[in-house]
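Asker: Please see the structure below; I have some questions.
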Amino acid sequence: MFLSGDLSQTLINSERLTLRALTAADAADSYGEVTGRIASFMSWSPPTSEREFETTSQRQLSNMKAGKELHLVIRLTSTSELVGRMGLHPADAALLETGIWIKQSAQRHGYGREAVVALIKWASTRFHPSGSLWPVVDENTSSIGLAEGLGGEIIGTRQRWKAGDKERTLLLYRIPAPVG
């Protein structure tokens, strides 16, 4: 399934969080939070420099404007504190892929689940996928718990290779679209 339309003005609210399309200022704000520990289970490595991070962010901003992918910054509504980032990407004919990272100091507060639920609900209304694809490294028990808690079922596996890291197995969860 593909995304469409200019996604650079996307705004999604949940009980405690504001999910907003990434801006250049948000990218700069999140640079220091993208640590090796945060990226260990991700498909990408932390940037080696601010310049590299800026280049990646500019590409993401351009892709959102073109409707190719969505990159969101997650902030606490009450204080505007950065909590993390998440994205929505084309997957297959019926699914959209989503992923998230939450900064270390904000983990274990339920922000990840709240943000994922809000994004899936929004995407279901806007794009009408049959569900969301949630690739999870088999060692990432927190993300596995999140996927399963949202009714996710494993629909396959694949291997993930990333420079500087060992080969890892990805569990491919399908999280159903909300009903109604």
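The values are calculated or read from the model by the stated rules, or taken from the named source; none is laboratory data. Computed from a predicted model, the values in this text were never measured in an experiment. For neighbour counting, all protein chains shown are included, and Cβ atoms are generated from backbone atoms with ideal geometry for every residue, glycine included.
Asker: Say we look at the range 145-174 and pick out the residues that are assigned to a loop (DSSP other than H, G, I, E, B) and surrounded by 12 or more Cβ atoms within 10 Å (Cβ to Cβ); which of these is modelled with the lowest pLDDT?
Answerer: The qualifying residue modelled with the lowest pLDDT is D165.
Asker: Here is a further query. If I ask for residues that are in contact (Cβ under 8 Å) with a residue 24 or more places away in the chain, assigned to a helix (DSSP H, G or I) and of a type outside the set (G, A, S), which ones from the range 129-144 would you list?
Answerer: Hit for the range 129-144 is I144, nothing else.
Asker: If you don't mind, there's one more thing I want to ask. Which one is farthest from Q104 (Cα to Cα) among residues in the range 39-50 that are in contact with a Phe, Trp or Tyr (Cβ under 8 Å, 6 or more places away or on another chain) and not in a helix (DSSP H, G or I)? Give the derivation first.
Answerer: Of all residues in the range 39-50, those in contact with a Phe, Trp or Tyr (Cβ under 8 Å, 6 or more places away or on another chain) come to 39, 42, 47, 50.
Subsequent filtering for residues that are not in a helix (DSSP H, G or I) retains 42, 47.
Numbers: M42: 14, P47: 17 Å.
Per the criteria, the residue is P47.
Asker: What single numbered condition from (1) touching a helix residue (DSSP H, G or I) at 6+ places or on another chain (Cβ under 6 Å); (2) crowded, with 17+ Cβ neighbours inside 10 Å; (3) within 23 Å of P129 (Cβ to Cβ) fails to hold for D6?
Answerer: Going through (1) touching a helix residue (DSSP H, G or I) at 6+ places or on another chain (Cβ under 6 Å); (2) crowded, with 17+ Cβ neighbours inside 10 Å; (3) within 23 Å of P129 (Cβ to Cβ) one by one, D6 breaks only (2).
Asker: For S49, state whether it is polar (S, T, N, Q) and in contact (Cβ under 8 Å) with a residue 60 or more places away in the chain. Step through it out loud before you land on a result.
Answerer: On the way: polar (S, T, N, Q): yes; in contact (Cβ under 8 Å) with a residue 60 or more places away in the chain: no.
So S49 does not fit the description; no.
Asker: Condition first: crowded, with 22+ Cβ neighbours inside 10 Å, within 15 Å of I154 (Cα to Cα) and aliphatic (A, V, I, L, M). Now tell me which residues in the range 107-140 satisfy that.
Answerer: Matches in the range 107-140: L133, V136.
Asker: A follow-up question, please. Considering only residues of the range 39-55 that are polar (S, T, N, Q) and touching a strand residue (DSSP E or B) at 6+ places or on another chain (Cβ under 9 Å), which is surrounded by the most Cβ atoms within 10 Å (Cβ to Cβ)?
Answerer: The qualifying residue surrounded by the most Cβ atoms within 10 Å (Cβ to Cβ) is S40.
Asker: I would also like to ask the following. Can you give me the number of residues within the range 21-38 that are surrounded by fewer than 17 Cβ atoms within 10 Å (Cβ to Cβ) and either of a type in the set (A, V, I, L, M) or not in a helix (DSSP H, G or I) (or both)?
Answerer: Number satisfying all stated conditions: 5.
Asker: Follow-up. Checking the condition more than 27 Å from L172 (Cβ to Cβ), modelled with pLDDT of 95 or more and of a type in the set (S, T, Y), which residue from T10, T18, T23, T48 passes?
Answerer: T18
Asker: Need the failing condition index for R37 against (1) of a type outside the set (D, E); (2) over 24 Å from G152 (Cα atoms); (3) at pLDDT 95 or above, just the number.
Answerer: Failing condition for R37: (3).
Asker: Can you name the number of the only condition in (1) within 26 Å of G149 (Cβ to Cβ); (2) not in a helix (DSSP H, G or I) that K121 fails?
Answerer: Exception for K121: condition (2).
Asker: Let me ask another. Looking at (1) polar (S, T, N, Q); (2) over 18 Å from R37 (Cβ atoms); (3) over 11 Å from the mean Cα position of the chain (by Cα), find the lone condition where T98 falls short.
Answerer: (3)
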